[in-house]
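The values are calculated or read from the model by the stated rules, or taken from the named source; none is laboratory data. These figures come from a predicted structure and were not determined experimentally. Here the Cβ positions follow ideal geometry from the backbone for every residue, glycine too, while neighbour counts run over all protein chains shown. Calculation scope for accessible area: heavy atoms of the full protein, side chains included, ligands and nucleic acids excluded. Shrake-Rupley method; radii C 1.70, N 1.55, O 1.52, S 1.80 Å.
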Amino acid sequence: MKRILKILGIGLGSVILIGLIFGIIAHEALPEGRTGPEADRLAQKMLDALNHEKYSQTRYLEWSYQGGRNQYKWDKELGLCQVKWDDHEVDLNLSKPNESKVIKKGEPLPKDEGKAIVEKALTYFNNDSFWLVAPYKVFDAGTTRSIVVLEDGTEGLLITYNSGGTTPGDSYLWELNPNGFPNSYKMWVKIIPIGGLEASWDDWMEVESGAFLPKSHKLGPITLSMGDVKGYN
C-alpha cells in the first residue's frame with residue numbers, strides 16, 4: 001500500500017478522503033477530560049518514562065521529515081535551527097525569525113526577498129519538530145492537561161495547545177503504556193478535517209544524550225519517517 005501511494009502521489013488528505021468515503025475513518029468529537037493535579041501527575045509520569053531530564057540537557061537534535069525532503073539540525077540551547085529543503089537553506093532564529101538567514105541555490109538572499117522563505121521554514125519546523133518531541137511539550141506555556149477515560153477503561157492524557165506554534169487550539173489525546181510511555185495519540189487539529197485521527201509513535205530509540213525519540217509514525221497506510229534521528233550535546 002505504501003508503495004502504491006508513493007507511486008500515485010497520494011497524500012494524507014487523499015487517504016483521509018478515501019477513508020471517509022468507505023467508512024474506514026470516522027469523525028470523533030473532542031472528548032471532555034478532567035483537569036487538575038491528577039492530569040499533571042500523568043503528564044509527569046510520561047516525561048519520567050522518556051528520560052525528560054536527559055532531553056532537557058540535550059543540546060542538538062537532528063532529523064528529517066517527508067522521506068528526507070525537510071532536514072533539520074536544531075541547537076536547542078541557542079534557539080537556532082538549520083532547515084534545508086529543495087534548494088533552500090535557512091539558518092532559522094526561533095525567537096527572532098526576522099534575524100534568520102536564507103540561502104537559495106547557494107546564494108544568500110536579502111531579508112526582504114527571504115521573508116516568505118523564513119515563514120515557510122518556521123511553519124515546517126513547528127510541524128516537523130512536533131512529530132519528534134511532542135511528548136516533551138506537555139507542560140509548555142499555554143497548554144491544558146486533562147485526563148480522559150478511554151474505551152478500555154484506562155486513562156489517556158489530553159493536551160490542548162491554547163497558544164504558540166502555527167495552529168493554536170490543537171488537541172492531542174495520548175494513549176500510554178502502564179509505565180507512562182506513549183504509544184500513540186489522536187488528533188483534533190485545524191489542518192485535518194476530521195477529529196480523532198490516530199497516529200502511532202514507533203521505533204523509539206535512546207539517542208546519544210540518553211533521551212528517547214521516535215523514528216517513525218503510522219497514520220493508517222501512511223508511514224512518516226523521521227530519518228536519521230540524533231540527539232547529543
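Yes or no: the range 197-211 includes at least one residue that is over 24 Å from LYS54 (Cα atoms) and outside any strand (DSSP E or B). No: the range 197-211 contains no residue that is over 24 Å from LYS54 (Cα atoms) and outside any strand (DSSP E or B). When the range 72-107 is limited to residues that are β-branched (Val, Ile, Thr) and touching a helix residue (DSSP H, G or I) at 6+ places or on another chain (Cβ under 8 Å), the one that is surrounded by the fewest Cβ atoms within 10 Å (Cβ to Cβ) turns out to be VAL102. Scanning the range 218-230 for any residue that is closer than 24 Å to LEU42 by Cβ, modelled with pLDDT of 95 or more and surrounded by 14 or more Cβ atoms within 10 Å (Cβ to Cβ) turns up nothing. Scanning the range 55-71 for residues that are surrounded by fewer than 17 Cβ atoms within 10 Å (Cβ to Cβ) and part of a helix (DSSP H, G or I) turns up SER56, GLN57.
The residue of the range 177-204 that is nearest to GLY153 (Cα to Cα), among those that are of a type in the set (A, V, I, L, M, F, W, C) and out of contact with any strand residue (DSSP E or B) (no Cβ under 6 Å at 6 or more places or on another chain), is PHE181. Note on the range 72-169: enclosed strands (runs of 3 or more DSSP E) holding 3 or more residues that are in contact (Cβ under 8 Å) with a residue 40 or more places away in the chain and within 26 Å of LYS215 (Cα to Cα) are 155-161. Exactly one residue among GLY195, GLY180, GLY153 is farther than 19 Å from ASN127 by Cβ and open to solvent by less than 20 Å² (accessible area, probe 1.4 Å), and that residue is GLY180.
Taken over the range 1-54, the criterion of being open to solvent by 90 Å² or more (accessible area, probe 1.4 Å), of a type in the set (Asp, Glu) and at pLDDT 95 or above is satisfied by GLU38, ASP48, GLU53.
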